Every structure is written in C-alpha cells, then in structure tokens.
Amino acid sequence: MEKKHEGFKPKIIAFACHWCGVGKNEINAIEDFPDFKLIKLMCSGRINTSLILRTFEKGADGVIVFGCPEDKCHYNFGNLSAIEEYKTIKAMIELLGIEPERLRLELDFFSEDDRLDSVVNDFVEGIKNLGPGPIGVLK
Amino acid sequence: MYKLKTALEKERIKLFFPHFSPDIHTITRIEPSACRVACPAGVQVKAYIGLIIAGKFEEALELIKKDNPLPGICGRVCTHPCESECNRRKVDEPVAICALKRFAADWELKKQIKRNKPIKRTRKEKIAIIGSGPAGLTCANDLIRKGYGVTIFEKLPFPGGMLTAGIPAYRLPRDVINKEIEAIIDLGVELKTNIEVGKDITFGELKKKGYKAFFIAIGAHMGLKLNVPGEGEYKGFIDCIDFLMSVNSGNHKKPGRKVIIIGGGNSAVDSSRTALRLGCDEVYIVYRRSRKEMPANVSEIEEAEKEGVKIRYLAAPVRILGENGKVTGMECIKMRLGEPDASGRRRPLPLEGTEFIIEADTIIPAISQKPDLSFLPKGHKFKLTKWDTFEVDPVTFATNKPGFFSGGDAVLGPSTVIDAIAHGHFAAHSIDRYLSHKDIKKGISKPQPVREWGFGLEIEDEIPIKRTSIPKLPIKKRLKTFDEVDLCFTEEQAIAEAKRCLRCGHCIECQECVSGCSRRLVMLSFPHKGIEEIGRSPEFILRVPANPNKLPLDERTNDMVITWKDEKERKHTLTLTLEPITCFVDPNMCRGCGKCEEVCLYDAIFLRPTKDGILVSEINETLCKGCGTCVAVCKTGAIKARHFTEKRVEQMIESCLHSE
C-alpha cells in the first residue's frame, strides 16, 4: 500500500469558518501545510451536500471542514447545521463509493495548542494511505 | 489562494474579510488630522506631506493651492498653528510643516511652471474687493474661479497689503509676493492700484457701475497710541507701519543711531531687524511682559538676538523725552507679572520707583494696529466693535449692511496671514450664496474639533528623529542687505523631514487614487446616506466599487478572468465572479423586529419608517461588510447575503485545485 502511492501529493480542500480560531491557533496557518488549500466561508454551516460532492468531483482527494465548538457559533446555530449536513454527506459519499475517511468535520481544533497540527497530520496520513481520490478528474 | 491576494494586502486599502473577491475595497480614514483642523484655512497638511514623501512636489503644491492660494508667502511667514497641534510633538518635535510648504512653493518658482489661464466668466455679477492683502486676494481667487467678475481696489501703489507694506524683504522676498499675486491676477482679476474707495470713488458710484457685492479687506494699518506724555511731539517718533512701509517702498535711509522699539509682536521684531539692516548702531526692543508671553514667532526673536538686537523685558514706557523738537530718550518703568488676564497672558503691573531712562534718537512704537476707517463716508451705518474693527457674523462674514462683507485684519485686528486667507474663503463662499439668492447662513461647515487626537497612534513606539533645522543665511552676510534669511530645504532634506509625519488617521486623503484611476472608479464620498445619523463609530469608510457605473448593486457583478500556465506550458483560465460583499433587505418581508440592528457589528443597519409608517430595517451599504450575522438572526428571512453564491464557491474550489 505504502509503495503504491509513493510520491503522491494529495490535494486537500479545507473549508473554514471565518470566526473560528482567531487568536491562539489562527486558521490561516493551515496554508503552511503544502497539501492544503484553504477556502474561508463565513460559517461552517455554509457547507452542503452538493458543495462537498462538487469538490470531490473537481479532483480533491480529501475535504476537511473546520468550525467553531458547538456553543460558540457566531451565528448561534451555524455549526449545528454543519453537523447535520455532515452526517448526511458522510452517508451519501459512502453510498457513492468514496471512502468516508476522506471527509472530516473538526469543531474544536483550537481547544489545545497543538491540536491543529495533530489533526492535520493525522488527516494527511489517512489520505496518503488511501491514495488519489476516486472520481478526481485531474487535468 | 488568488493571484490578486498580495496586491490587495496593501497597508491602507484593504478588504475587510480577506477571502472575499475584490468587488469593493475600503480605505480607512479614522478622522481628519489634527494639523488640518488646527489650520484656520483647513489646508490638507497630511496629504501634501505624503505627496512630498512620494516625490510628487507638483501635486503637493496643487493640493495646497486648493485651500491656500498663497503657499510661498504662507510657507515663509505663517505662524503655523498646525505645528503646535502636530502629534509628533508628543514624541520629539513637530514636523516642520511650514518649511515643507515653502519647499513645495519654491519648487514651482524654480521650475517656472506655466502661467495660469484666465477663467471663463459665467456669471454677470461683479464684485468689488477693497484691499489687496491676503484676505482680498483669496476672496478674489475663489470668486473668479466661480465665474464672477472681480475687481480689487488698492489704496497703495502696489498690491499685497500688509504683505508688501509691513513684512520686510529679508523675511518675504518681493518676487515671491509678486509671482503669487500675478498667478491670481492671471485668472482674470482686475487690479486697480492707487484708488481709495470712499475718497477717489464712492460706494454709490461703484454700485452704479454694476458692483453687486463688496468685500472690505482693508487690513489694520493705523498704529495705536501709547498714551504717554510726549508722544508725537518730537521728531524721531515714527509709527512702525509707516517706518516699515517707507523702507519697503525703497527708502533705505537710516532713521537714527540709537533706536527703541516698543512692543513684542512680529512687527516690533521686524522693525528692529530692519533698523539693524539700515545701519543703526544700537537697537532696543522694550516689552512689558517676559519672553514667554511675547507674541512674535520664537525663531524670529532668536534670530533678532543673534543679529544684535537687545531686548529689554518687563519694561514699559512712561514718558518720551525730547529737546529742541527732537527725541532724546525714553523714560521707562520696570514691571512685574500679575494674574492672567482675559487673553490668558499674565498682566504686567508697574513697580513704583523703578523708573529708568534709555537714551535714543528714534522711537518706533509697534504695540498694535487698528483698521483705518477714514474711508467710510460720514453717517455710515456699519456696526463696529470698540477696537474700530467691523462687526461681522462669525460664520458668514457678512456685515450688518446687506451686500457688504468683511474679513482679515479689518475684522480681527492685527492677526495672521492664514487667518486672513481663511476669512477670504468663507467670505467668498457667502458672497457666492448671497448673489445666488441662497440663504447665506447655510452650507458652511468649518471642520469640527474632534475629541482626542491621534486615534490608533502608538506614541510610545515611535522612534524620535531629529527635526531638520531650516538652513539660514550666515549672520555676516545678513546685515546691511535685505537678502532672505531663511533658506529653502533641499529635496533630500524635505523628503527626510516629511517622513517624520506620523500620518495620524491612516488615509492621508491625498486623493491621488481618484485622479490616478483611469476608469474613474474611486469614490471618496459616501454613496449611501446614514453615516451621520449613526455617528457612533470613529471610523469612516471610503468605498471603492470595482464597477460602479451607477448600476444597482445586483447588476454590478462582473467577471474577472485569471490565466496562467502550468509546468507543461498549458494555458489555464479561471473565471472569478465578483460579488458585492453586502447584505440586503427585502422590505416586503421585514417585520421591523430590530434584531438585526442589535447584532450588527458595523452599525450598518437601522430601522426607518416607510411611507405607510411601518418600521423596516435598512442596510447602509457603505458600512455593511457582509458578515451575515443579520442573515442568521432574521426570523422572517428578509435579509439575504449577496455573496457566497453556489457559483462563486465552486469557482473558489476550482481555483484552489488548479493553482499551485
């Protein structure tokens, strides 16, 4: 497995809420990780099934969504709707044959100092093991 | 993420949320700077200093001339109230604003930039301006630019008023005055010298000739009396304005051997330094208060002392002594300082029994001046103050007689050039409104003094930089000639000095972005109403829409195409839709609960009654940053965001996956 995907550079899209991680663990720091591309939305609640599916369709190998802890949403209920959406999407991509590990929702990454690092490394490791995305139409 | 990102992260022009597409940029201007508000004429100090740093000297001068038509004169003799308010003084010393203005003005004189062209006359009304001093010239400059016919009447054979008559050439060279007056005359102003209105031609005759409004800017040329015995009885007792005027018109005969000048203002110091240059052996200034209270410019006093003027502080004249009809000396009395008086300075009180005598053959009183009102016809109905100045409305500068306006020293008594310029501006504005039959009391706004200056400045973190001292002519070369003492900054010195400016309030308001944008996209005004009503935030936001064309915001979207090549030299294109980063209210769905007004972080939402009297929330799109908090709280779904549409987010994903 390891040898099979040697030299594989995953393309991972990170959706992040604008308001979370201000201060301690600035979410912008994620752009320092070479495999990540950051798309800031106003709230993690902006994600929906079509958005995530389109991301995979366009060639992403993994998608991670960052949001605020459950009771700390700037818009009160944005992250709750993100959780709901996440559950549906997760079930749906499994149905479509995409490994569910390629999608992750992370709601309290800034609770600890090194949490962001460990989350990111863990996720990249997972994607590298899985290999290129199944429906990527890489040009 | 976008290739544009670095271009957007400029210091003062920024996108509020960096991930938005560049539909609208904002420029933050916290407040008008202290220097601008301190200046009576409201010259945009911070802006021209910024332009000097950028090496755009011509543009800097252009900007100064908008508010001050006499930059070369002001750059030399201004009392610079701007420097006393400069925030840099909290770090070390204020920026040498006045000298920088002079540098910009001299730059043009050196370059011999083309002369002004006459302005096309669009109004049939004519205006008579009486007096060609700074107030009269400024008023003429403003009115001729508005299309009126303007005539200046001057009693003296030369224009300039106190500038030419009262200020010696070593401080203000004649060619500087002439060039700046010429620039105003070139616009089409008619100048009639040697005509005293009221004597050579009456107001009634002028009215018959078609002059509809009058601006009385006669200045204050009559010296006040000392009210001591012996005054005016002997030869050798000359009033300071008469003395300076005769010297300035070319009479370089020395007045005497030993000269006493009474007073502590700029005219006293000017008289003393002039007397030294004429070859007088000893020159004394007698002033009744101490050095600290002396109203003359500090640098002037210092230079006078260096040149050899002796100043006697805390002494006042008691009697003028004379023999055979000639002045022989003056009896003085020592003074002490008492409690502060109405002017805030400490009142001098005589010390009994301390009289002493200074020998002299010439005495020049320079205590103060008042307007010479002998030109007014008998039985005139002008309201005057007890100092013989005109009583005018403090905002409109209109006298009690309709059609007559007054300003400058004729209103203030002996004052400064920059005050006269400010009066000229305000009077011109009022005259324009008067002749257009509009209410003259409306439409004038003076910059309001603001609470605490230097919002957002961190004074403690600033590194002190030494103020560039103004180069001076060596003392040996000065005496006996009337060559200019203060010299101009070199280009390097000017830029180095300008860089000391702290740029309080972020945007320097140089307006170069407006003139520099070839597509005329930059707007420096608020396109939406409501900001004054809110008034809570000290921050003003100037919006720069990417595609204004006066389209409604919904139609304003515009596509931006980015192209790049990959490693294999294949071309890629990517389209980004530009979205307005604001929210909007559907008034039919809004029920006026006010929740959105409560949560808005940027004070952009307020409730306003419609025609039917129903409260409906309204979004001030100048202030709205599109954060979407109101969208989330709106129960009825009346508020929607215009940005982060499905199409746009897809484009963002695509750009992420294909860019390196």
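Please treat every number below as a calculation from the coordinates, not as lab data. Nothing here was measured: the structure is a model prediction, and the numbers come from that model. Here Cβ is always computed from backbone atoms with ideal geometry, including for glycine, and neighbour counts include all displayed protein chains.
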Counting partner chain Cβ atoms within 10 Å of every residue's Cβ in B:625-635, what's the average?
-> 3
Could you give the radius of gyration (one decimal) and Dmax (whole number) of the Cα atoms in the range B:141-209, in Å?
-> 13.7, 43
Within the set B:Lys370/B:Lys466; A:Lys9/B:Lys640; B:Lys90/B:Lys472, which residue pairs have Cα atoms separated by over 31 Å?
-> B:Lys370/B:Lys466; A:Lys9/B:Lys640
Put a dot 7 Å past each Cα toward the Cβ at B:Leu351 and B:Ile465; how far apart are the dots in nm?
-> 4.7 nm
Cα-based Debye curve of the range A:32-114 sampled at q = 0.16, 0.26 Å⁻¹ gives log₁₀ I(q)/I(0) of -0.63, -1.38
Please list, or write none, the lysines whose alpha carbon is within less than 24 Å of the alpha carbon of B:Lys442, excluding same-chain residues fewer than 8 places away.
-> B:Lys66, B:Lys124, B:Lys126, B:Lys146, B:Lys212, B:Lys383, B:Lys401, B:Lys529
Around A:Glu57: net Lys/Arg minus Asp/Glu count, Cβ-Cβ under 11 Å | 0
Read phi for every residue in the range A:36-51 and hand back ³J(HN,Hα) as whole Hz from Karplus 6.51 cos²θ - 1.76 cosθ + 1.60, θ = phi - 60°, with x for Gly and Pro.
-> 9, 10, 9, 10, 8, 10, 6, 7, 5, x, 6, 5, 8, 4, 5, 4
Would you kindly calculate the translational diffusion coefficient of the range B:40-159, applying Stokes-Einstein with the Kirkwood radius from alpha carbon pairs, for 37 °C and a viscosity of 0.692 mPa s, and quote it in µm² s⁻¹ without decimals?
-> 205 µm²/s
Mind putting a number on the dipole of the range B:39-102 about its Cα centre? Charges go on the C-beta only, +1 for Lys and Arg and -1 for Asp and Glu, and I need it in Debye to the nearest 20.
-> 40 debye
With a Förster distance of 30 angstrom and the Cβ-Cβ distance between B:Asp439 and B:Thr610, calculated FRET efficiency to the nearest 0.05 equals 0.45
Packing-based ranking, highest mean first, of B:602-610, B:212-220 given that Cβ atoms within 10 Å are counted = B:212-220, B:602-610
Could you work out, residue by residue across B:645-657, how many beta carbons of other chains sit within 10 Å of that residue's beta carbon, and then give the average as an integer?
-> 5
Give the peptides A:67-78, B:462-473, B:256-267 in descending order of average Cβ contacts within 10 Å, highest first.
-> B:256-267, A:67-78, B:462-473
With Cβ to Cβ distances under 12 Å as the rule, what net charge do the other residues near B:Ile201 carry (K, R +1; D, E -1)?
-> +3
Determine the shielding of peptide A:51-63 by partner chains: average, over its residues, the number of Cβ atoms on other chains within 10 angstrom of each Cβ.
-> 3
Amide H partners (placed H, <5 Å) of B:Glu196, local residues excluded | B:Ile201
FRET efficiency, 1/(1 + (r/R0)^6) with R0 51 Å, evaluated for B:Val633 and B:Val228 via beta carbons | 0.05
Distance in nm between B:Asn324 and B:His380 label points, each 7 Å along Cα→Cβ, equals 4.4 nm
Any idea how far apart B:Ala54 and B:Lys647 come out in nm if each label point goes 7 Å out from Cα toward Cβ?
-> 3.6 nm
Return the long-range amide H neighbours of B:Ile311 (sequence gap of 5 or more, or a different chain), with a cut-off of under 5 Å between placed amide H atoms.
-> B:Ile285
Whole-Hz ³J(HN,Hα) from phi, Karplus 6.51 cos²θ - 1.76 cosθ + 1.60, for the range B:364-369, glycine and proline x = 10, x, 9, 8, 5, 10
Taking the Cβ of B:Phe404 as the centre, find all other residues whose Cβ is under 14 Å away and add up their charges (Lys, Arg: +1; Asp, Glu: -1).
-> +3
Residue-wise HN-Hα coupling along the range B:251-267, computed from phi with Karplus coefficients 6.51, -1.76, 1.60 (Hz; x: Gly, Pro) = 8, 9, 7, 6, x, x, 8, 10, 10, 10, 10, 9, x, x, x, 5, 5
Which residue, chosen from B:Phe375, B:Thr354, B:Leu337, occupies the Cα position most advanced towards the positive end of the dipole of the range B:332-403, where the dipole is computed from +1 (Lys, Arg) and -1 (Asp, Glu) charges on Cβ about the Cα centre?
-> B:Phe375
1/(1 + (r/R0)^6) with r = Cβ-Cβ of B:Arg336 and B:Asn400, R0 = 56 Å, i.e. FRET efficiency to nearest 0.05, evaluates to 0.85
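Over 19 Å apart: what share of the alpha carbon pairs of the range B:89-234 falls there, rounded to a whole percent? Could you put the intermediate results ahead of the total?
On the way: 6569 of 10585 pairs.
Of all Cα-Cα pairs in the range B:89-234, 62 percent lie more than 19 Å apart.
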5 angstrom amide H check on A:Leu105, placed H, neighbours 5+ away = A:Val65
